[in-house]
Structure formats: C-alpha cells, structure tokens
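Taken together, the values in this text are just the output of simple stated rules run on the coordinates, not laboratory data. Computed from a prediction, not measured in an experiment: that's the story for all the values here. Cβ atoms come from the backbone with ideal geometry, glycine included; neighbour counts cover every protein chain shown.
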C-alpha cells in the first residue's frame, strides 16, 4: 500500500478534536481569543476580498458558501440553515471550512465548523457589543434559547462582564435547557414568562430565533432608549425579527452592507438607508455609540471574514496542541505531470 507523502496530507479538525480544543483552552478564554482574532482582521478589512455569500434557497432552508482571502490565505465555509431540522433530530445549522495558501492553492486546514461557528458568532456579537453597548452593562435579555443562546450569554460575560441573563423562548423546553446549561457559569439566569418581561432591566437585547419568515420578535414599545440590540436571527431574505419602526429609531451597524441589505433586518428598509460598517468603528474611522440615550443595533448576518478569523485562530492553536488528524486529501504523484501513472501504480497485483 502506498504511503501518502507529506504534501498529500491536510490537518483535519474533527468535532471530537474541536471539543477537546475548547476544553484545553477553556470556553470563555477561547471566546476572548476568537474575539481578538476577529477584531484584528476587521481592523485590516480593506486587505480582504469581499463578496456576499453564495446562497441556494429552498422552501426548507438555505445552503451557502462563504469565501474570502487576504492575499496570503484563502478561506471558505460551507453552512446550511434548516429551521425544521430539529424535528428529525438534526441541527438547524451545520458547517465545515477550509484554509488554503494563496501562493500554491494547497489547503492547510480543513475543520468542522458547526461548533466553531457557534463560538465565532458569539465572539462576534460580543465584539460588537463591546464597541456599541452602554458602558457598565450588566444584564442581557436572550430572546430565543436554541443552540446559540448559551454561547451568546457566555461571550457577553467573558468580554463585557455581563452577569445577569434573562431568558425567553416560545418553547419552554428550550428555555429550561438554556437555564440548565448556564448553571454554574457565574451568571444569574432568570427564565421569563414573556419577551416583555425578559427585556425589563436589560441593557443588551439579543434576538436569535430560527423561523424562516418575516417575524416581529421585538415591537416598538418593547425597546426603550439607551439599549443595544444584537439581532442575529435574521440571516436570509424574508427572515427578520424586528419591527421596522425600531430600525428607524436606531443607529444601525452592519458587517457588509451588500450582504446585510439582502439578508438582515435592513432588508425591510430603503436600499439607501444609512448604516455604519462595524469594521470602521473598530478601526477608529467611525464613531460607535454617540449618546447614552441612543439605541444601537448590530444587524448581524455573519460574514466570511469572521469564519476566516476563526479558522486562522484554530490553525495557530493546532501547532501547540496537536489536536488534529492528517487527512490524505491531495493527490501527490512523484511526477506532477503523471497523475495517471500514480493511479496505475496503486492497482493491487491481482486486479
């Protein structure tokens, strides 16, 4: 049997090894480090290739490819979103991603990204909240208590010092699950009987619901002055969570306008409605929150550079942990021009 050459092997991070990596680093520390990588890449935003993700929509959900490159590394993520998957025991969102050298085109990392996307989404939310939320915020309302809710809560704790989480979900089992999972993590968790109750006293409101439809999770009367809204549930055409009047009252911050105007909350507004790109706030080119009474809104749909940052972080950490498998992914004939010869030589003697 032929032994693969080093050039044929690509580091692969399985779900099992990703979980080992999280526990090796520590969940909150990993969220902080992911946030640092994201912020670093957002500050050099102009170095990246940028394009809205390529999406294939169906009645059941969406499948997307999210590519970007910075001149040295190319990265992409494959991700789906199928809200009804939970009825058959499947995840709503699954993903995997790849990094490659721009100079050779050779992959240097293949990784699961179902867990990693949950972590980077939470880290991204906390990066935005750190820049936009009122100073001294202690309480977050978590509206929608599905697979992302615990990660969001712990990221806000790790990066902003949030110590109180108020929960609401139309599914009581989901709310109980979230409360149970957050027990022992240094947070005071309060399940609530309505979204209105959850929002009471919260300086940060995070909405993360899954239905693929226009919805009004927050109505105008629910949002008072001075709060920061972290809207992460609206992430494809026809799927929103906020009443349009809230958008007109808020200062809106986005990742990449060309994508967010198609997929985010602002798809409900005129195409020229003013928004501020978050990278410009993080780099100091634009101002974030201007007044204590201002409503700030991070209309987050997820962008490829965030996944690039997460993959870059994982690749750096693998060097010291060894938490990966070597995957025989690339054909590597002795003579690069003789792929057919390599195939022939692999034939068993009796074939």
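Normalising the Debye intensity of region 270-351 to I(0), with uniform scatterers on Cα atoms only, and taking log10 at q = 0.22, 0.26 Å⁻¹ returns -1.13, -1.28. In whole percent, what relative contact order does region 125-302 give with Cα contacts below 8 Å and a gap of six or more residues? For region 125-302, the relative contact order is 23 percent. Distance between the modelled labels on residue 340 and residue 49, one decimal in nanometres: 3.1 nm (7 Å Cα→Cβ projection). Calculated over region 1-65, the projected area of the Cα convex hull averaged across directions stands at 9.0 nm². Take 264-272, 65-73 and order them by the average number of nearby Cβ atoms within 10 Å per residue, most first; the result is 264-272, 65-73. When the Gaussian network model of the chain links Cα atoms closer than 10 Å, the mean-square fluctuations of 36, 307, 299 top out at 36. Reported value for the chain: 159 Å³ per residue, from the convex hull of its C-alpha atoms.
Taking a ≥ b ≥ c as the square roots of the Cα gyration tensor eigenvalues, region 108-167 comes out oblate, since a/c reaches at least 1.5 and a/b does not exceed b/c.
Potential lengthening of the chain between residue 163 and residue 262 amounts to 32.2 nm, from the contour at 0.36 nm per residue minus the alpha-carbon distance.
Relative to the longest principal Cα axis of the chain, at what angle does helix 304-321 sit, 0 to 90 degrees, rounded to 10? Roughly 60 degrees between the two axes. Once the Cα atoms are used to define both axes, helix 114-132 deviates from the longest principal axis of the chain by about 40 degrees. Seen against the Cα atoms of the chain and their longest principal axis, helix 15-25 is set at about 60 degrees.
Ranked by the mean number of other Cβ atoms within 10 Å of their residues, highest first, the peptides 158-164, 132-138, 143-149 fall in the order 143-149, 158-164, 132-138. For the chain, modelled as a GNM whose springs connect Cα atoms under 10 angstrom apart, the maximal fluctuation among 330, 98, 109 occurs at 330. As a length-normalised measure over Cα pairs under 8 Å and 6 or more apart, the relative contact order of the chain settles at 21 percent.
Taking Cα centroids, how far is region 158-210 from region 314-342 in Å? Each part's Cα centre sits 44 Å from the other's. Mean residue ellipticity, 222 nm, helices only, the chain: the sum of -39500 (n - 2.57) across DSSP H runs of n ≥ 4, divided by residue count and rounded to 500, is -10000 deg cm²/dmol.
What the Cα convex hull of region 125-302 gives, in volume per residue, is 100 Å³.
Highest-first packing order for the peptide set 252-260, 115-123 is 115-123, 252-260, based on the mean count of other beta carbon atoms within 10 Å. So which residue, out of 296, 94, 104, gets the largest mean-square fluctuation from a GNM of the chain using Cα contacts under 10 Å as springs? It is 104.
Binning the C-alpha pair distances of region 171-233 at 10 Å intervals from 0 yields a P(r) profile of 17, 50, 31, 3 %, listed from the shortest bin outward.
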